[in-house]
Amino acid sequence: MATPRLRPVAPGERAKKDAPKTIAQAAESGSARDLLVAMRSRIAKQVDDLNTPARDLAALTKRLIEVVRDIEAIDAAHEQDGDDDAEVEDGEFDASAV
């Protein structure tokens, strides 16, 4: 078994989580975003599949667009929340304000 290569972490760098590989794995152990990402991959494969019936393409495409928008909304909300590890400078304590 190969040993993983280790390296120093750059400032601000975060570890990447391995996304679940299947929809079932994402549903059991992943976040809502993980589940949406797994669904996006599955739907995209069906849309690309030449054997997918034409009658199903419209519904699949619509659902794919909805899933992508949901992922983007989660990512945008996460960006708005800001960096959880951001340093905050303490102000001066004023005991008379208490």
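Specify the residue that is modelled with the highest pLDDT; the eligible residues are those in the range 1-36 that are under 18 Å from residue 69 (Cα atoms) and of a type in the set (Gly, Ala, Ser).
Taking the candidates together, the pick is 32.
Could you go through the range 37-45 and let me know if any residue there is at pLDDT 85 or above, closer than 28 Å to residue 12 by Cα and surrounded by 10 or more Cβ atoms within 10 Å (Cβ to Cβ).
Yes, there is a match, as at least one residue in the range 37-45 is at pLDDT 85 or above, closer than 28 Å to residue 12 by Cα and surrounded by 10 or more Cβ atoms within 10 Å (Cβ to Cβ).
Looking at the range 21-61 only, could you name the residues that are within 13 Å of the chain's Cα centre (by Cα) and of a type in the set (Asp, Glu)?
Answer for the range 21-61, where residues must be within 13 Å of the chain's Cα centre (by Cα) and of a type in the set (Asp, Glu): just 34.
The values are calculated or read from the model by the stated rules, or taken from the named source; none is laboratory data. None of the values given here were measured: they were computed from a predicted structure. Neighbour counts are summed over all protein chains in view; Cβ atoms, including those assigned to glycine, are modelled from backbone coordinates with ideal geometry.
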